[in-house]
Amino acid sequence: MIGKPLPLRDLGFRSTLELVADMPEVVRVCSYEKGTFVLKAIADETTKAIAKLVARQRRSARVRKGAAAKADAASPSKNAQSFPRRDRAPILPATVKAELQDLLS
């Protein structure tokens, strides 16, 4: 977004995954297959309508022939587990959270 790496160390994080795991109101980290992760944006008041449209679109796509198998294979929600949080998380500045939320929406 700004053309520079995130200042993770300055913010008190060791990795990007650790950063997003500390923002459960903005993004949910779900484990996927073979040690990979899927980031799911959390809808807020300004994006709830879009989230509903996407959810409706997904349901109608599953009805189509062959789409159900693809949707189940691509959806991590059945086998998803929340990423474990650290015991003591640094406080993330509100401006950084807001920028990441804008980026995800």
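Roughly speaking, what is the stretch gain from K97 to E33, that is 0.36 nm per residue apart minus the C-alpha to C-alpha distance, in nm to one decimal?
20.3 nm
What's the ranking of 2-11, 18-27, 39-48 by average number of surrounding C-beta atoms within 10 Å, highest first?
Packing order, densest peptide first, comes out as 18-27, 39-48, 2-11.
Write down the accessible area per residue of region 1-57 in Å², having rolled a 1.4 Å probe over the full set of protein chains. Mind showing how you got there, number by number?
Numbers: 4060 Å² over 57 residues.
I get 71 Å² per residue for region 1-57.
Measure up K4/K48; K4/K97; K34/K97; K4/K52 against 27 Å on the Cα-Cα distance and list the ones that go over.
Too far apart for the 27 Å limit: K4/K48; K34/K97; K4/K52.
Just to confirm a number: summing +1 for Lys and Arg and -1 for Asp and Glu over residues other than P93 whose beta-carbon lies under 15 angstrom from that of P93, what do you get?
On the way: positive: R9, K97; negative: D10, D22, E25, E99, D102.
Computed value for this residue: -3.
Could you give me the radius of gyration and the Dmax of region 1-57, taking only the C-alpha atoms into account and expressing both in angstrom?
Rg, Dmax (Cα atoms, Å): 14.1, 40.
Near D10, within a Cβ-to-Cβ distance under 14 Å, what is the net charge of the other residues, with Lys and Arg +1 and Asp and Glu -1? Each step should come with its number before you reach the end.
Values: positive: K4, R9, R14; negative: E18.
With Lys, Arg at +1 and Asp, Glu at -1, the neighbours total +2.
So how much slack lies between L6 and K48, counting 0.36 nm per residue of separation and subtracting their Cα-Cα distance, in nm?
Gain on stretching L6 to K48: 12.4 nm.
The values are calculated or read from the model by the stated rules, or taken from the named source; none is laboratory data. What you are looking at is a predicted structure, and each value in this text was computed from that prediction instead of being measured. Here Cβ is always computed from backbone atoms with ideal geometry, including for glycine, and neighbour counts include all displayed protein chains. Keep in mind that these areas ignore ligands, DNA and RNA; they rest on the heavy atoms of the full protein, side chains included. Shrake-Rupley method; radii C 1.70, N 1.55, O 1.52, S 1.80 Å.
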